[in-house]
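The block underneath contains the structure these notes are about, expressed in structure tokens.
The values are calculated or read from the model by the stated rules, or taken from the named source; none is laboratory data. Predicted model only: the values in this text are computed from it and were never measured. Cβ sites come from the backbone with ideal geometry, for glycine too, and all protein chains shown count toward neighbours. Remember, those area values only see protein heavy atoms, side chains included, never the ligands or the DNA or RNA. Shrake-Rupley method; radii C 1.70, N 1.55, O 1.52, S 1.80 Å.
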4 protein chains.
Amino acid sequence: MIPVDWKSLFEPALASTGVPGSGHVTALRNTRKVRIEWGDCDPAGIVFYPRYFEIFDASTSALFERVLGLTKFQALKTFNFAGYPLARTRARFVRPTRFGDDVTVETTVEFGRSSFAIEHRLSLNGVTCVECSETRVWVVHDPADPGRIKSHPIPDAVRAKFHA
Amino acid sequence: MIPVDWKSLFEPALASTGVPGSGHVTALRNTRKVRIEWGDCDPAGIVFYPRYFEIFDASTSALFERVLGLTKFQALKTFNFAGYPLARTRARFVRPTRFGDDVTVETTVEFGRSSFAIEHRLSLNGVTCVECSETRVWVVHDPADPGRIKSHPIPDAVRAKFHA
Amino acid sequence: MIPVDWKSLFEPALASTGVPGSGHVTALRNTRKVRIEWGDCDPAGIVFYPRYFEIFDASTSALFERVLGLTKFQALKTFNFAGYPLARTRARFVRPTRFGDDVTVETTVEFGRSSFAIEHRLSLNGVTCVECSETRVWVVHDPADPGRIKSHPIPDAVRAKFHA
Amino acid sequence: MIPVDWKSLFEPALASTGVPGSGHVTALRNTRKVRIEWGDCDPAGIVFYPRYFEIFDASTSALFERVLGLTKFQALKTFNFAGYPLARTRARFVRPTRFGDDVTVETTVEFGRSSFAIEHRLSLNGVTCVECSETRVWVVHDPADPGRIKSHPIPDAVRAKFHA
């Protein structure tokens, strides 16, 4: 457990030059299949939308795992970082999905300096059901106070893997 | 369970005149306290963000329950509608919260014709932690095919309660 | 959504002769891999145990899907039943798992007359982490009142598939 | 995040003399109200049962918080312990509940030496819906290796609060 003081953590990272949108789009795209389960659905018989965000969070992890060749657990140790908490997200729900559906999630990333933008497209049989954008911040433990975390430039070693 | 065909359900409702933003802001504001639980938090010790959307969905229900004087279960029967699925949402995460925090969620609504906009502000000790906007569509069972649902103008009886 | 009156639903089904344990063990065993995600874990860095029950519920569905050749959504229509709600469960947590672990879940079933018993074994690299037993009841819509459900003998067509 | 090695963590704690059941029942009973939300329910319109375990986990925390006068976050620091992970649980589902229900959860505890037993009764309007038993183990960080945790006798200071 990380005691956290995020006061003014996100805003500087997002305000810095080199934020997502500046064109550092990587060519990498991760695609995974996800089964929509009975327990993901609500009394209307369709996905309870917070479950989509669970799917998207795991899809972001899957993209990093595929490119870095490390699970998030391993990456936290290897790169001595503390995660990539979400600063912003927005989603558009176009068509509902329901239990038994095997949906496809395609995920891409665009790097800023200390933050990055993720795009997810969730589709069923090629038809878009949900679109989601995320802005996440790369954070490390504060050397001056290991109980705190602070934003940090995304390591070149990470960046390089995505542009390889 | 509602077999659903939402093809072109949302877009017409959102494209119609009278969409949220046109100024039909109600003066009502619902406020509720929510305890952040151990199980809402991730290995970083802070809220796993999909849990915020669970909190916000319940906060939207709480606003309607307070104004209509009916639980969602009762309202589904009384107004013969089929729910208010989410068409869009966006959120900004400003400060993290963690288990043991008793946060406050303030919720307001602005009605369009067949859709409505919700704003949530989640705060801790008066300091904003998360802001979230939702666009939801009022849907009913299609009389021509009860197995389908379609968007429908928000009933005047509902609207009136919010402007009382 | 099924308005439910389960008064005395479960007890008669469980008390009837032919309850699980009487020896109708099927030889079928379904095995699936599940990735433990960051969002499944708590501030101790290990699985928050209610997530295991989500995994087990999906594993029960997966067993039926494999044997019947139908998703749960399709099975609900084909067999005109209303689900197999849980009457009892118990679990033993032997070793924790954490994000990045790819666990294996093995699931078996033993049929009674209107109920059945499920056993799940969740393991990591061959080592048992969690064991779980479930007793579930087969329910149908009450013909006398479609708004109610009642227990019902498991159809021979379902039983036969498991013993094929 | 606590790197965990729980090999042979639970069994010794449970096998030790003074396990729950030996009669150290405390007179304390915590009662709390919980609203069942739309998102807690499945396509059958009733609670998806893993949500009950979320409710019970929070109810265990609530009992300790009430007696110790500390949130779990504060207690982790005060008593230098690492939590009370679940070793075993079992539940009996007697009557379903659904969204809009305000259920009552009553929780009691019985202490062993390094483990304790919890009983939850979830009811609606006085009628029992779910009964659940838990066995949990008190764990601390291993002084010889802070990255590990091990079972530990429940501190007398904690025990005393429950018998006060």
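Ignore the peptide's own chain and count Cβ atoms of other chains within 10 Å of each Cβ in D:103-115; give me the average, rounded.
Mean inter-chain Cβ contacts per residue within 10 Å come to 0.
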For D:GLY83, residues with placed amide H under 5 Å, excluding near neighbours: D:VAL139
Inter-chain Cβ neighbour average for residues B:50-60, partner chain, 10 Å: 5
Ranking by accessible area, most exposed first, for D:HIS163, C:HIS141 with a 1.4 Å probe: D:HIS163, C:HIS141
Whole-Hz Karplus ³J(HN,Hα) for segment D:104-111, in order, using 6.51 cos²θ - 1.76 cosθ + 1.60 and θ = phi - 60°, x for Gly and Pro? 10, 10, 10, 10, 10, 9, 9, 8
Per-residue HN-Hα couplings for segment C:51-64, Karplus 6.51 cos²θ - 1.76 cosθ + 1.60 at θ = phi - 60°, whole Hz, x for Gly and Pro? 5, 4, 5, 4, 5, 5, 4, 5, 6, 4, 4, 5, 4, 5
Cross-link reach from D:LYS150 to aspartates and glutamates, straight Cα distance under 16 Å and at least 8 residues apart if same chain, gives D:ASP5, D:GLU11, D:ASP142
Distance from the Cα centre of segment A:91-153 to that of segment D:108-161, in angstrom? 37
Diffing segment A:115-131: the Karplus 3J(HN,Hα) column from phi (6.51, -1.76, 1.60, θ = phi - 60°), in whole Hz with x for Gly and Pro, holds 9, 8, 10, 10, 10, 10, 10, 9, 9, 10, 6, x, 9, 4, 10, 9, 10
In whole percent, how big is the carbon plus sulfur part of the accessible area of segment A:39-164, probe 1.4 Å, protein atoms only? 47
Taking one equal scatterer on every alpha-carbon of segment D:35-164, how large is log10 of I(q)/I(0) by Debye at q = 0.12, 0.13, 0.18, 0.20 1/Å? -0.52, -0.60, -0.99, -1.12
Rounded if a/c is under 1.5, else prolate if a/b is larger than b/c, else oblate: which is segment D:85-149, with a ≥ b ≥ c the root eigenvalues of its Cα gyration tensor? prolate
Which residues qualify? For A:GLY45, with a placed amide H closer than 5 Å and at least 5 residues away or on another chain, they are B:ILE2
What's the extension gain from C:THR31 to C:ASP145 if we count 0.36 nm per residue and subtract their Cα-Cα distance? 37.2 nm
Could you pull out the pairs from B:LYS77/D:LYS33; B:LYS72/C:LYS72; B:LYS72/D:LYS161 whose alpha carbons sit more than 30 Å apart here? B:LYS72/D:LYS161
Other chains near C:66-72: what is the mean number of their Cβ atoms within 10 Å of each residue's Cβ? 2
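Whole number in Å², please: accessible area per residue of segment B:22-102, 1.4 Å probe, ligands, DNA and RNA not counted.
On a per-residue basis, 36 Å².
If packing is taken as the average count of other Cβ atoms within 10 Å, what order do B:93-103, B:55-65, B:28-38 fall into, highest mean first?
Packing order, densest peptide first, comes out as B:55-65, B:93-103, B:28-38.
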Output row for D:ALA27: copy-to-copy label distances, label 7 Å along Cα→C-beta, ascending, in nanometres, one decimal, is 5.2, 6.1, 7.5
To one decimal in nm, how far is B:PRO146 from the same spot in the other copies, if labels go 7 Å from Cα toward Cβ? Please give the shortest first. 0.5, 6.5, 6.5
